[in-house]
Amino acid sequence: MNDVVTVNQCECKNKTLEQLKQYDNFYAAMGATGCGAECGKCIPFIKLMFATGETEFKSDDPRLDQYRPAPVEYDLGFM
Ligand code: FES
């Protein structure tokens, strides 16, 4: 069971979405702060923040799906 939580920051770098909003885009924010470069869990939230201007999201917000990384399938060649 996944509990729904409110997200408003990058936990790894201790930066709020409000603070990240000052940058031009996701890549500028990531480059300047390192947000998104540790565990990466905040990436969909940061990208949604740049798309909407909102700075707080529920973890089950369906708009996050478009910013979640696609699952990686590995072809190991022997399976
Ligand atoms: S929460 Fe942002 S990189 Fe981990």
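The values are calculated or read from the model by the stated rules, or taken from the named source; none is laboratory data. The shown structure was predicted, so the numbers you read here are calculated from the model rather than taken from an experiment. With ideal geometry, Cβ positions are generated from the backbone for all residues, glycine too; neighbour counts draw on all protein chains shown.
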Would you check which residues across the stretch 25-38 are exposed (fewer than 14 other Cβ atoms within 10 Å of the Cβ) and either touching a residue at least 60 places away in the same chain (Cβ under 8 Å) or within 11 Å of the ligand (Cβ to nearest atom) (or both) and list them? GLY34, GLU38
Report whether or not THR6 is within 15 Å of the ligand (Cβ to nearest atom), at pLDDT 95 or above and loosely packed, with under 12 Cβ neighbours inside 10 Å. yes
Kindly list the number of the only condition in (1) assigned to a loop (DSSP other than H, G, I, E, B); (2) away from the ligand (no atom under 12 Å from the Cβ) that fails for ASP65. (1)
Just to be sure I understand the filter: pairs with C-beta atoms under 7 Å, separated by 6 or more residues or on different chains, first member in the stretch 62-76 and under 16 Å from CYS42 (Cβ atoms), second member basic (Lys, Arg) and surrounded by 10 or more Cβ atoms within 10 Å (Cβ to Cβ). Which pairs pass? TYR67/LYS47
Could you identify the single residue in MET49, MET30 that is modelled with pLDDT of 95 or more and more than 10 Å from the chain's Cα centre (by Cα)? MET30
Given the conditions (1) without any contact (Cβ under 8 Å) to a residue 12 or more places away in the chain; (2) under 18 Å from ASN2 (Cβ atoms), every one holds for ILE43 apart from (1)
Are there any pairs, at least 6 apart or on different chains, whose C-beta atoms fall under 7 Å, with the first in the stretch 5-22 and more than 13 Å from ILE43 (Cβ to Cβ) and the second more than 11 Å from the ligand (Cβ to nearest atom) and in a helix (DSSP H, G or I), and if so, which? LYS21/MET49
Hey, any hits in the stretch 11-24 for a residue that's under 14 Å from ARG68 (Cα atoms) and within 8 Å of the ligand (Cβ to nearest atom)? no
Being modelled with pLDDT under 95 and small (Gly, Ala, Ser) narrows it down to one residue among ALA70, ALA37; which is it? ALA70
Every listed condition ((1) more than 13 Å from the ligand (Cβ to nearest atom); (2) exposed (fewer than 13 other Cβ atoms within 10 Å of the Cβ); (3) at negative phi; (4) in a loop (DSSP other than H, G, I, E, B)) holds for THR55 save (2)
